[in-house]
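Just so it is clear, none of the values below were taken in a lab; they were calculated from the coordinates. The structure displayed is predicted, hence computed values, not measured ones. FYI the Cβ positions are ideal-geometry reconstructions off the backbone, even for glycines, and counts take in every protein chain you see.
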Amino acid sequence: MAKEREIAKKIVEAIKSLNINDIKRAYTEYNIPKEQYESVLKDYFELDVPEVFAKPDIVLIAEDLQKRIDEYMLIAVELKYFEKTSKPKDLKRKLRGAFREIGQPLRYYLYGFDCAILWHIFSEDVDSDLIRSYSNLIAEFFERMKLPVAYFSTKMFSVYEYELYKPSELGKQDLNYIVSWILGSCRERVRNPLFLEDYSKDEITKRRRALKTALRVP
């Protein structure tokens, strides 16, 4: 977890430095004020505070060109990092653990996020065949179950450079390219299925409004 938090922080800093089109803000989990989210839910919407508030590793605030609810998309990114160790069993153990946890991004929809992303990042010394085999299995699960999560799998060479395996195997790509693809996935096919058509009466939408307040989104 400590390594994943460190990488998430570096990725957020890199995104900010790149000034990527349509990204208004990028946060790590430490920038999400739980207390403010809970107080808005209670004081303004008279909703019960969730017993557990799960924070994404990375939050991206982006323009929503379609304006499905309003001008912005709140994107939750669940990040998992895998590195080669002196004991091959350690990596395989973490891969098995991550497979059991692949549904974690779905929980962010309960808090009002618009889009959920699962991003698996492998260190550059992990065997490509292993990455390919594992990523195919994860992608097949999401596709066959038709779950509203966009899955990305990459090998990391630096915080700015990756080799892309999923959604498609395209070789080396920069961070700008990957973030742009994340935005495209959210706009075109992956959205929170819990929002009702009558947004003003939807409990999830109220949670989303509280989330926007906590994240300082107008």
Under-5 Å amide H pairs with Y72, H placed in peptide plane, nonlocal only
D64
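Give me the number: length gained by fully extending K87 to S123, i.e. 0.36 nm times residue separation minus the C-alpha to C-alpha distance, one decimal in nm. Walk me through the numbers on the way to the answer.
Details: separation 36, 0.36 × 36 = 12.96 nm, distance 1.50 nm.
Gain on extension, K87 to S123, equals 11.5 nm.
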Taking amide H atoms as placed 1.01 Å from N in the peptide plane, list the residues 5 or more away in sequence, or in a different chain, whose amide H sits under 5 Å from that of E124.
M156
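Taking R0 as 35 Å, what FRET efficiency do you get between D22 and L196 from their Cβ-Cβ distance, rounded to the nearest 0.05? Before the final figure, lay out each step's value.
Values: r = 26 Å, r/R0 = 0.75.
Rounded to the nearest 0.05, the efficiency is 0.85.
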Pick from D127, D202, D43: which residue has the top mean-square fluctuation in a GNM of the chain where Cα pairs under 10 Å get a spring?
D43
Go through the range 108-114 residue by residue and turn each phi into a ³J(HN,Hα) via Karplus (6.51, -1.76, 1.60, θ = phi - 60°); whole Hz please, and just put x for glycine and proline.
5, 5, 5, 8, x, 5, 7
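From the cross-link list K55/K206; K67/K172; K9/K166; K24/K55; K10/K87, which pairs have alpha carbons spaced over 24 Å apart?
Values: K55/K206 18 Å; K67/K172 32 Å; K9/K166 22 Å; K24/K55 19 Å; K10/K87 27 Å.
The answer is K67/K172; K10/K87.
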What does the highest-first list of 181-190, 207-216, 85-94 look like by mean Cβ count within 10 Å?
207-216, 181-190, 85-94
Along the range 71-85, Karplus-curve 3J(HN,Hα) (6.51, -1.76, 1.60; θ = phi - 60°) to the nearest Hz, with x for Gly and Pro, reads 6, 10, 10, 9, 10, 9, 10, 8, 10, 10, 10, 10, 10, 6, 10
